[in-house]
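Student: There's a structure below that I have some questions on.
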Amino acid sequence: MRLAILASLVVLFGTAVPASGQGSRFVARHDISLFSAPDGPGFRNPAGVATDPFGNVFVADTGNHRVVQFDSVGRLVFEFGGYGWREGELSGPSDVCAREGFHLFVVDEGNERIQEFDIDDNSPVGVVFPFSEGSSFGDEELVRPSRIHVDAEGRIYVTDVLCHCVWIFTPTGELVGRLGEPGDAPSRFRDPGGVTVGPRGRVYVADTGNRRVQVFDAVGNWVAAWGGPDGDEFEEPVGIDVGPEGNVWVADAGAAEIRVFTPAGVPLFRFGGPGDGPGTFRAPVDLAHGPDGRLWIVDEAREVVEGYSVRRLPDEGE
């Protein structure tokens, strides 16, 4: 059974408008679509998006084996990568994460490794650590990276879709922990998607194959699960991000919508739904907030990245 929805959104002419309901109301407005080619989006199956402290937007353009950088108003700045296995080249990059210090981490999934780039000139800094069958850190074997998040302390979280877990590393690539194992019990994963860290160090993981979000505390203890294999809360949660207000945003590719929850898992609102125009989606797989509060969403099936402004509407009587 679905959790109670405090407020919901429907789509009208590319703008999400509040439907009737109790509690706070929100509106999500489509602002901009990113284009990396003059005659169209230019992306091929994009999978990941990230922003830096200056508002630049980075897109993991998976099918084109590259990362594309835009400025805060959506102008194309630069692209780098290109198919290959040498340092600086990419094979099917699936995610990106930009942090302070002008460094960009790229999940080079086809090459089973994480690469680090200098944002200032997009030059490769080097391979942070390789993933491949047989690679190991102590007794641990790492297989196939999928999504990445770097927290405020510089810890690196990487989801592994074949080991069905989340690896945790220091900023220099030393393995310090692991969340989960294969399965559907609490704290176990099946094909995990995105990972993000919120206030108080809580870790939120899109447990895609189990149709839920799982929550862990700062030291790795399991806290909660939202949804589950036998429920209908989610269809295919893939992307996840914590917004500036601390709420948790989930890109549900199967339902073609964005879901928003409080840090405790209480549903706040949702928007999107199946469609081919702005304000609707076919397969939203990742999302990221810019420093100005704008929300960037990757729709893999429509091969587009869009920016949205989301704001709370005054309650009646305010």
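The values are calculated or read from the model by the stated rules, or taken from the named source; none is laboratory data. The shown structure was predicted, so the numbers you read here are calculated from the model rather than taken from an experiment. With ideal geometry, Cβ positions are generated from the backbone for all residues, glycine too; neighbour counts draw on all protein chains shown. Surface areas here come from the heavy atoms of the whole protein model, side chains and all, with no ligands, DNA or RNA. Shrake-Rupley method; radii C 1.70, N 1.55, O 1.52, S 1.80 Å.
Student: Quick one: grab the alpha carbon gyration tensor of the stretch 171-251, order the square roots of its eigenvalues as a ≥ b ≥ c, and give me rounded if a/c is under 1.5, else prolate or oblate depending on whether a/b is larger than b/c.
Tutor: Because a/c hits 1.5 or more and a/b fails to exceed b/c, the stretch 171-251 counts as oblate.
Student: With only Lys, Arg, Asp and Glu charged, each at its Cβ (+1 for the first two, -1 for the last two), find how big the charge dipole of the stretch 163-250 is about the Cα centre; round to the nearest 20 debye.
Tutor: Once rounded to the nearest 20, the dipole reads 320 debye.
Student: Nothing charged except the Cβ atoms of Lys and Arg (+1) and of Asp and Glu (-1): what's the magnitude of the dipole of the stretch 255-318 about its Cα centre? Round to the nearest 20 debye.
Tutor: Here the stretch 255-318 has a charge dipole of around 100 debye.
Student: Evaluate the relative contact order of the stretch 165-284 (contact order divided by residue number), counting alpha-carbon pairs under 8 angstrom at least 6 apart; express in whole percent.
Tutor: Relative contact order of the stretch 165-284: 14 percent.
Student: Given H placed 1.01 Å from N in the peptide plane, which residues other than close sequence neighbours of Phe281 have an amide H under 5 Å from its amide H?
Tutor: Gly273, Gly275
Student: A further question follows. Net charge around Thr280, counting only other residues with Cβ within less than 11 Å of its Cβ (Lys, Arg = +1; Asp, Glu = -1)?
Tutor: Net charge in that neighbourhood comes out at -2.
Student: Please label the shape of the stretch 180-318 as rounded, prolate or oblate, based on the square roots a ≥ b ≥ c of the eigenvalues of the alpha-carbon gyration tensor (a/c under 1.5 means rounded; beyond that, a/b larger than b/c means prolate, else oblate).
Tutor: oblate
Student: Right, here's the next one. Say each of Asp230 and Asp121 gets a label point 7 Å from the Cα, pointing the same way as Cα to Cβ; how far apart are those two points in nm?
Tutor: For the pair Asp230/Asp121, the computed spacing is 5.9 nm.
Student: Taking Rh as the Kirkwood radius computed over C-alpha pairs, what is the Stokes-Einstein D of the stretch 33-97 at 20 °C in a medium of viscosity 1.002 mPa s, expressed in µm² per second?
Tutor: Answer, rounded: 182 µm²/s.
Student: Taking the Cβ of Val305 as the center, what net charge do the other residues with Cβ under 13 Å away carry, scoring Lys and Arg +1 and Asp and Glu -1?
Tutor: That sum, taken over residues with Cβ under 13 Å, equals -4.
Student: Based on the Cβ-Cβ distance from Asp292 to Ala37, what FRET efficiency comes out when R0 is 30 Å, to the nearest 0.05?
Tutor: That gives a FRET efficiency of 0.75.
Student: Related question: Return the distance in nm (one decimal) between the two label points of a simple spin-label model at Glu87 and Glu100, each offset 7 Å from Cα along Cα→Cβ.
Tutor: It works out to 2.7 nm between the two label points.
Student: Can you give me the solvent accessible area of Ser72 with a 1.4 Å probe, rounded to the nearest 10 Å²?
Tutor: Accessible area of Ser72: about 50 Å².
Student: To continue, here is another question. Enumerate the amide H contacts of Ala253 below 5 Å, restricted to partners 5 or more residues apart or on another chain; note that Pro and chain-start residues carry no placed amide H.
Tutor: The list, which skips near neighbours in sequence, is Glu236, Val238, Gly239.
Student: Using label points projected 7 Å from each Cα along Cα→Cβ, tell me how many nm separate Trp222 and Arg178, to one decimal.
Tutor: 1.6 nm
Student: Based on the Cβ-Cβ distance of Thr170 and Glu245, what FRET efficiency does E = 1/(1 + (r/R0)^6) give at R0 = 35 Å, to the nearest 0.05?
Tutor: 0.75
Student: Under 5 Å between amide hydrogens, which residues at least 5 positions from Arg212 or on another chain qualify, with H placed 1.01 Å from N in the peptide plane?
Tutor: Under 5 Å from the amide H of Arg212 lie the amide H atoms of Asp207, each far enough along the sequence or on another chain.
Student: Sticking with this one: Compute the signed sum of charges (Lys and Arg +1, Asp and Glu -1) over the other residues within less than 9 Å, Cβ to Cβ, of Arg259.
Tutor: -2
Student: Based on alpha-carbon centroids, what's the gap between the stretch 199-225 and the stretch 63-109 in Å, whole number please?
Tutor: Using only Cα atoms to place each centre, the spacing works out to 27 Å.
Student: Give me the percent of accessible area attributable to carbon and sulfur for the stretch 228-293, probe 1.4 angstrom.
Tutor: 50 percent
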